[in-house]
Amino acid sequence: MRHSRLALATLAILALTPIAATAQDTSAPHLEKRGAVTQLIVDGNPFVMLGGELHNSSSSSLEYMKPLWPRLAALPLNTVLTPISWELVEPTEGHYDFALIDGLISQAREQHVRIVFLWLAAWKNGVSSYPPVWVKQNTERFPHAILNGSLSTTLSTLASVSTALREADAKAFTAVMHHIKEADNRDHTVIMMQVENEVGTLTDTRDHSADANRAFASAVPSELPKYLKAHRETLNPELRELWLAHGEKTSGTWAEIFGDSSRADEIFMAWNYAHYVQAVTAAGKAAYNLPMYVNTWLGGGDGTPGSYPSGGPQPRVIDIWKSAGTALDFYAPDLYQPNFAEWANQYHRPDNPLFMPETNGGTAGAAWVFYAVGEHAALGFCPFAIDAAFAPDAAHTTEPSLVDFIKGTTDLGNSYTAINAIAPILLEQQAKGNVHGFNLTKQHPNVEFTMNNYSVQISLDQIFGYQSDTGYGLVMMTGNEEKTGQAEFLGVGKGFRVIITSRTPGKHIGFATIDDGKYEDGKWIPARRLNGDETDQGGAWRFDPRAIHTEKATLYRY
Ligand code: DGJ
């Protein structure tokens with residue numbers, strides 16, 4: 001298989017990092033702890049996913065997708081998040097149809113684009129519109145949830161306590177993973193799997209069906225309090241506070257351990273969904289072990305569970321999900337909120353790498369992608385309904401974020417191009433903990449951080465009374481004075497300026513050189529030597545607000 005952009009990245013990384021070609025190179029895509037971060041390894045090399053998620057129904061038709069792939073590949077992204085559904089894979093029980101999956105893999109492969117498949121099965125956005133009809137209509141075998149005292153008359157929501165549903169879902173997912181392994185074990189076009197989509201119970205804090213009520217009145221399964229005890233010091237602070245406030249009990253019913261409130265209901269639902277999805281994931285992984293995750297419809301502030309899907313892996317119940325199993329590799333936010341950084345901080349934990357399966361595209365996405373991969377070593381960044389840019393009818397929507405996305409596709413593409421060009425260095429420096437990313441606005445005009453012996457101040461670009469409205473990018477330390485005798489920094493982005501000072505008392509430093517340039521096939525090609533106004537007469541390392549630049553700076557002492 002030829003993956004042109006990825007092949008370039010591969011060549012470049014081999015030039016930069018002496019990663020020995022091992023048996024690992026032929027192994028399936030997987031996650032690996034490398035230095036300070038967890039990275040996605042594809043074909044033996046770390047991979048940063050600059051992606052986009054298709055709108056929900058696009059990938060249900062190969063004909064529909066055919067003209068879209070070349071346009072997606074030109075964006076330029078390296079991965080497309082592609083829904084596949086239980087209803088189309090198993091239209092009648094026990095009879096699988098993999099034609100769509102095969103077709104999507106070969107269409108993506110032709111365009112040298114990778115795929116993350118989204119397994120839309122028992123639940124999507126909290127409800128059950130994607131299971132086959134033979135599942136939805138057999139309410140005796142596959143019970144529905146009772147919400148607000150009754151069965152919903154419009155939207156069906158299958159009950160997460162149902163063993164029969166879990167087993168049927170797991171069986172179909174296992175067949176899918178077995179098939180993907182057969183079809184793709186060599187080429188690794190498929191690099192990750194999302195299991196279900198935004199699970200959780202909507203409109204009510206919990207399911208009140210007879211089975212759910214019985215489980216709620218019973219003792220909490222022992223794995224959960226055992227986990228809380230073992231991880232007492234690192235638990236999410238809100239969960240810890242709630243547990244401690246009710247006496248830090250290690251046995252009892254849900255209400256006894258967590259109090260009789262909507263918070264206990266949410267924890268109960270989190271356990272049920274987690275128990276279900278961990279089991280489906282484990283079954284799929286036994287057939288083909290790709291990285292797998294669950295995505296989250298984020299609840300806002302103090303919103304009541306049910307106003308967002310109750311039980312989905314919100315930050316405060318990620319530990320509950322973890323207590324129910326270890327098959328899932330991580331939990332991911334669908335991050336559309338304006339307070340992007342706050343949510344990103346909550347999902348990036350030592351035991352949870354950050355990944356955005358859904359987020360805003362357009363001008364917002366063009367900026368946030370730098371923060372995500374620079375500040376949080378995100379595994380990937382994927383604006384939702386990426387195909388809406390080329391086929392606006394696909395979206396069935398006038399959502400402002402999509403309208404902005406269509407307008408801002410060029411901005412997003414420019415960010416992706418710039419990050420792609422430095423990807424091997426970025427991934428290498430992420431592992432060393434040498435990268436910072438930022439997104440500046442008039443309300444948040446500067447950031448400051450330390451890098452080894454230096455203080456680095458970044459602010460909106462300004463000169464001669466002019467100030468940029470926005471600025472975004474990332475800065476990394478690529479040369480360490482103590483090791484090589486020369487401090488060197490690489491920066492990518494636009495609309496900001498950098499001032500670096502020594503943290504060693506009494507030492508003065510200045511910029512020795514600042515060069516504009518680019519990376520080609522992993523090789524630095526300098527262009528202009530920047531000086532004069534372009535560096536505020538040597539006082540600041542500036543990034544022009546009009547377009548993304550890639551620049552290198554070295555320091556001297558005096
Ligand atoms: C989040 C869901 O996961 C997507 O499938 C889609 O429904 C979007 N919301 C719509 O904004």
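Throughout, read-outs are computed from the coordinates displayed, never taken from laboratory work. Quick caveat, the model's predicted, so the values are computed rather than measured. All Cβ positions, glycine included, derive from the backbone under ideal geometry; neighbour counts span all protein chains shown.
Show which aspartates and glutamates lie in cross-link reach of Lys523 when reach means a straight Cα distance below 17 angstrom and same-chain residues fewer than eight apart are skipped.
By straight Cα distance, Lys523 reaches Glu428, Glu488, Asp515, Glu551.
By its C-alpha gyration tensor, with a ≥ b ≥ c as the square roots of the eigenvalues, how is the range 439-517 shaped: rounded for a/c under 1.5, else prolate for a/b larger than b/c, else oblate?
Judged from the Cα gyration tensor, the range 439-517 comes out prolate (a/c at least 1.5, a/b above b/c).
Once you have a ≥ b ≥ c as the square roots of the Cα gyration tensor eigenvalues for the chain, tell me rounded if a/c is under 1.5, and otherwise prolate or oblate according to whether a/b is larger than b/c. Kindly include the intermediate steps, with their values, before the conclusion.
Details: a/c = 1.99, a/b = 1.55, b/c = 1.29.
In terms of gyration-tensor shape, prolate.
Can you give me the distance in nm between label points at Glu167 and Ala282, each placed 7 Å from the Cα along the Cα-to-Cβ direction?
1.6 nm
Report the gain in length on full extension from Glu110 to Arg529: 0.36 nm times residue separation, minus Cα-Cα distance, nm rounded to one decimal.
Values: separation 419, 0.36 × 419 = 150.84 nm, distance 4.06 nm.
Taking Glu110 through Arg529 to full extension adds about 146.8 nm, to one decimal.
Between Ser307 and Val133, what is 0.36 nm times their sequence separation minus the Cα-Cα distance? Round to one decimal in nm. Present the calculation step by step, with values, prior to reporting the outcome.
Working: separation 174, 0.36 × 174 = 62.64 nm, distance 2.70 nm.
Answer, rounded to one decimal: 59.9 nm.
Of Thr163, Pro315, Trp541, which is farthest on the positive side of the dipole of the chain, counting Cα position, with +1 on Lys and Arg Cβ, -1 on Asp and Glu Cβ, and the Cα centre as origin?
Trp541
Round to a whole angstrom and tell me the spacing of the C-alpha centers of the range 316-336 and the range 205-254.
Value for the Cα centre distance between the two parts: 16 Å.
Place a point 7 Å from the Cα of Arg71 along the Cα-to-Cβ direction; which residues of the range 77-112 have their backbone N under 18 Å from it?
Counting only backbone N, you get 77-83, 107-108, 111-112.
Of the DSSP beta bridges with both residues in the range 79-194, give the percent that are antiparallel, rounding to the nearest 5. Walk me through the numbers on the way to the answer.
On the way: 4 of 15 bridges.
In the range 79-194, DSSP labels about 25 percent of beta bridges as antiparallel.
In sequence order, what are the phi-derived ³J(HN,Hα) couplings for the range 122-132 according to the Karplus relation 6.51 cos²θ - 1.76 cosθ + 1.60 with θ = phi - 60°, rounded to whole Hz, with x for glycine and proline?
Computed from phi, the couplings for the range 122-132 are 4, 9, 9, 6, x, 10, 10, 9, 9, x, x Hz.
Among Val456, Tyr466, Thr478, whose Cα lies farthest out toward the positive end of the dipole of the range 439-489, if unit charges sit on the beta carbon of Lys, Arg (+1) and Asp, Glu (-1)?
It is Tyr466, whose Cα lies furthest towards the positive end.
Tell me, in nm to one decimal, what length is gained between Ala99 and Glu233 on full extension, where the rule is 0.36 nm per residue of separation less the Cα-Cα distance? Provide the component values of the computation, followed by the final result.
Numbers: separation 134, 0.36 × 134 = 48.24 nm, distance 4.87 nm.
Here the segment from Ala99 to Glu233 would lengthen by 43.4 nm.
Please report, ordered by residue number, every helix of the chain (full DSSP H runs) that is 27 Å or longer along its axis going by C-alpha atoms and whose mean Kyte-Doolittle hydropathy reaches -1.0. Write down the numbers at each step before the final one.
Values: long enough: 163-184 (31 Å, -0.28); 262-287 (38 Å, 0.04); 409-432 (32 Å, 0.04).
Length and hydropathy pass: 163-184, 262-287, 409-432.
Of all DSSP beta bridges in the chain, what percent run antiparallel (nearest 5)? Spell out each step's value before the answer.
On the way: 65 of 97 bridges.
Among the beta bridges of the chain, antiparallel pairing accounts for roughly 65 percent.
For an R0 of 30 angstrom, estimate the FRET efficiency from the Cβ-Cβ distance between Ile463 and Thr504 and round to the nearest 0.05. Walk me through the numbers before you get to the answer.
Numbers: r = 29 Å, r/R0 = 0.97.
Once rounded, the FRET efficiency stands at 0.55.
Can you list the residues, at least 5 places off or on another chain, whose amide H is less than 5 Å from the amide H of Gly538, using H built in the peptide plane?
Amide H neighbours of Gly538, under 5 Å, 5+ apart: Gly532.
Taking amide H positions as placed in the peptide plane 1.01 Å from N, state which residues far from Tyr308 in sequence (5 or more) or on other chains have amide H under 5 Å from it.
none
Mind ordering 363-371, 340-348 by average Cβ neighbours within 10 Å, highest first? Before the final figure, lay out the partial values.
Working: 363-371: 25.1, 340-348: 18.4.
Highest to lowest by the protection proxy: 363-371, 340-348.
Taking amide H positions as placed in the peptide plane 1.01 Å from N, state which residues far from Met49 in sequence (5 or more) or on other chains have amide H under 5 Å from it.
Gly380, Phe381
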